Amino acid sequence: MEKTLVICKPDAVERGLVGEIIGRFERKGLVILAGELRLLDTEVLGRHYSEHTEKPFFGDLVAFMSRSAAMLLVVGGPEGTVGVVRTLMGSTDPRQAAPGTIRGDFGLAVTENLVHGSDAVESALREIGIFFPELETRG
Ligand code: DAT
Ligand code: MG
């Protein structure tokens with residue numbers, strides 16, 4: 001099974017959209033393999049977003065992602081699941097995301113864009129290892 005890390009970001013939890021977001025993955029036919037509501041700290045967010053630490057928006061991103069609890073999920077399905085989840089999420093900037101996608105239907109701001117999904121199988125393994133080290137991600 002191909003697995004990916006999904007984060008329902010603090011804005012999604014605050015707005016009561018976690019059920020809606022999980023429901024979209026479930027209705028698509030994907031499976032929820034793990035889930036936990038957790039307050040993320042700067043250290044873990046620095047590891048998760050290591051490719052963005054030098055970006056001008058990094059400070060705002062970490063402040064947003066750590067302001068209240070996020071819902072962490074491991075989502076699984078057939079080959080291509082990482083890409084399927086990205087398609088269901090929509091473009092990074094919700095103003096450009098297509099209607100019918102999570103970001104396209106519920107977002108308007110690029111920082112508060114509701115949901116994270118790993119961008120490749122290798123990233124998914126790395127990210128699942130950060131948040132769910134107890135899961136066997138390579139077996
Ligand atoms: P994605 O979350 O679609 O994989 P990303 O990895 O490029 O996008 O960026 C990670 C997060 O950082 C993104 O979800 C929102 C924030 N972000 C990206 N680009 C931004 C920008 N130009 N201004 C503000 N925040 C940005
Ligand atoms: Mg990304």
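Computed values, structure above
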| read-out | value |
| --- | --- |
| Assigned charges on the beta-carbon of Lys, Arg, Asp, Glu; region 28-139 dipole about Cα centre (debye) | 240 |
| For the chain, built as a Gaussian network whose Cα springs stay under 10 Å, the top-fluctuating residue of ARG27, ARG67, ARG38 | ARG27 |
| Three-way shape label, region 1-49, alpha-carbon gyration tensor, a/c 1.5 | oblate |
| Residue with peak Gaussian network fluctuation, the chain [Cα springs, cutoff 10 Å], from GLU51, GLU26, GLU14 | GLU51 |
| Exposure ranking of MET71, MET1 by accessible area [1.4 Å probe, largest first] | MET1, MET71 |
| Fluctuation leader among SER50, SER123, SER68 - the chain, Gaussian network, Cα springs under 10 angstrom | SER50 |
| Most to least accessible of GLU127, GLU112, GLU134, GLU2 (protein chains only, probe 1.4 Å) | GLU134, GLU112, GLU2, GLU127 |
| Per-q log10 I(q)/I(0), region 1-125, q = 0.22 Å⁻¹ (Debye; single scatterer per alpha-carbon; no solvent) | -1.47 |
| Protein accessible area in region 8-139, 1.4 Å probe - carbon and sulfur % | 54 |
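The values are calculated or read from the model by the stated rules, or taken from the named source; none is laboratory data. Since the structure is predicted, the reported quantities are computational estimates derived from the model, not experimental observations. Cβ: placed from backbone, ideal geometry, glycine included. Neighbour counts: every protein chain shown. Each accessible area value is taken on the protein alone, full model and side chains, heavy atoms only, with ligands, DNA and RNA left out. Shrake-Rupley method; radii C 1.70, N 1.55, O 1.52, S 1.80 Å.
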